[in-house]
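Please read the structure below before turning to the comments.
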Amino acid sequence: MGLITVSLNDEVERTLRKLAREMYGNKKGALSKVIETAIEKLAARKQYTEKQTIYRAYKNNKLITEASSLEELAEKLNQRGVDPREVRILATEDIKPRARIGYRMK
């Protein structure tokens, strides 16, 4: 069990103590239980809302397949016998362009 010292403004402290009394009464450790519960819920929500990029391949405005990586998408397209150059690939998250440094020579 770890020990963390935290500074809270007066309003937040009153709210915390009120929640602890409502949830657990005036028992020893009530404040710790409220904070633990809040942190666990926050961590669970963060994991739930973390974005996972999904790639979808469309041909003639019809969804052909989707995958969690471009390599997996290419493999699925090959299994279906679809040329990747004939499909439109969309991602649920914007793909960052690669920055190129140096001179361009032809």
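The values are calculated or read from the model by the stated rules, or taken from the named source; none is laboratory data. If you're wondering where the values come from, they're calculated on a predicted model, not measured in any experiment. Ideal geometry is used to build each Cβ from the backbone, glycine not excepted, and the neighbour counts take in all protein chains shown.
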Give the residues of region 1-53 that are of a type in the set (Val, Ile, Thr), closer than 30 Å to Thr92 by Cβ and modelled with pLDDT of 85 or more, sorted by residue number.
Ile39
Pairs only if they're at least six apart or on different chains, beta carbon under 6 angstrom, first in region 8-27 and farther than 16 Å from Ala38 by Cα and without any contact (Cβ under 8 Å) to a residue 24 or more places away in the chain, second surrounded by 10 or more Cβ atoms within 10 Å (Cβ to Cβ) and not small (Gly, Ala, Ser); list them, first residue then second.
none
